[in-house]
Structures are given as C-alpha cells and as structure tokens.
Amino acid sequence: QVQLVESGGGLVQAGGSLRLSCAASGSILSINSMGWYRQAPGKQRELVAAITSGGSTNYADSVKGRFTISRDNAKNTVYLQMNSLKPEDTAIYYCKTIITSLYSRLLRQYWGQGTEVTVSS
C-alpha cells in the first residue's frame, strides 16, 4: 500500500507565505505526476498545480506567479510554496499522486488526507 502524508498548512495573514509538503511512502516502484488540489467551502475541488516526473509544471491561472510546485524524487515528496497569499486561497489543500505499484506494476491514483490553509484579510 501507499501512504501520503501532508504537512505545512495553517493560518496566515494576507500577503504571507506557507509551504506545503506531501511525502509518499510504501510499495512504490515509481511516481509519475504529483499535484496539489484545493477545495474551498461550497466549491468543487480544483487543480492548483501539478508536476510531472520530468519536472514539467502546470498551474491554475489564479496562482500563477505566486505559487511554485517542486518535487524531490529521492524523497518521494512534492512541495507547494505559496507566496502572496490571498483570502481567496483559503481551502483544504490535497496532494494527489499517480504511482506505479512496486508489486502489481499498475498505475494508481492516491490522495492525501488534506491540510487546511486559512488566509485572513
């Protein structure tokens, strides 16, 4: 099995910064894409940023220029550096990874448990 452990959420004032981390462990042969999604109260979950195994990145328009996604393949960890935070960034942030299982060699999607980010005005 695979476990994803997220950390780094919290309460911050507008204009501040936070860094989220998501570490994957378990029966992992390889990790394909890794990404961050968020879900605000009453809204659908949306993609924030994603990064491929080769390092190509994709961002939601609302976070371009403020957020940076990165990954450490040796640690099976993805990061989201969030700068110039706005109240509208308030949400629960979820990590998602596409992993090739060590034993079955099948691709499978995994979600983290979510970490809450609150930006006060």
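The values are calculated or read from the model by the stated rules, or taken from the named source; none is laboratory data. Since we're looking at a predicted model, the values are computed, not measured. Positions of Cβ are generated from backbone atoms using ideal geometry, with glycine treated the same way; all protein chains shown enter the neighbour counts. Remember, those area values only see protein heavy atoms, side chains included, never the ligands or the DNA or RNA. Shrake-Rupley method; radii C 1.70, N 1.55, O 1.52, S 1.80 Å.
Quick notes
- For Gly55, the requirement of being surrounded by 16 or more Cβ atoms within 10 Å (Cβ to Cβ) and within 16 Å of the chain's Cα centre (by Cα) is not met.
- Per the conditions (1) open to solvent by 20 Å² or more (accessible area, probe 1.4 Å); (2) closer than 26 Å to Leu29 by Cα; (3) without any contact (Cβ under 8 Å) to a residue 60 or more places away in the chain, the sole criterion not satisfied by Ser62 is (2).
- Region 25-55: number of residues that are closer than 18 Å to Asn83 by Cα and in contact with a Phe, Trp or Tyr (Cβ under 7 Å, 6 or more places away or on another chain): 6
- Any hit, region 21-44, residues being over 15 Å from the mean Cα position of the chain (by Cα) and buried (at least 18 other Cβ atoms within 10 Å of the Cβ): no
- Ser25 satisfies every condition listed in (1) in contact (Cβ under 8 Å) with a residue 60 or more places away in the chain; (2) in contact with a strand residue (DSSP E or B) (Cβ under 7 Å, 6 or more places away or on another chain) except (1).
- Counting only strands (runs of 3 or more DSSP E) that fall entirely inside region 72-121 and contain at least 3 residues that are hydroxyl-bearing (Ser, Thr, Tyr), the qualifying elements are 91-101, 115-120.
- Restricting region 87-100 to residues that are surrounded by fewer than 17 Cβ atoms within 10 Å (Cβ to Cβ) and in contact with a strand residue (DSSP E or B) (Cβ under 6 Å, 6 or more places away or on another chain), the residue that is farthest from Ala40 (Cα to Cα): Thr100
- Hey, Tyr103 over 10 Å from the mean Cα position of the chain (by Cα), at pLDDT below 95 and among the hydroxyl-bearing types (Ser, Thr, Tyr) or not: yes
- Gly8 fulfils the conditions (1) surrounded by fewer than 14 Cβ atoms within 10 Å (Cβ to Cβ); (2) more than 30 Å from Ser104 (Cβ to Cβ); (3) under 17 Å from the mean Cα position of the chain (by Cα) except for a single criterion, (1).
- Considering each residue of region 70-85 in turn, none proves to be of a type in the set (A, V, I, L, M), under 12 Å from the mean Cα position of the chain (by Cα), closer than 16 Å to Gly112 by Cβ and open to solvent by 20 Å² or more (accessible area, probe 1.4 Å).
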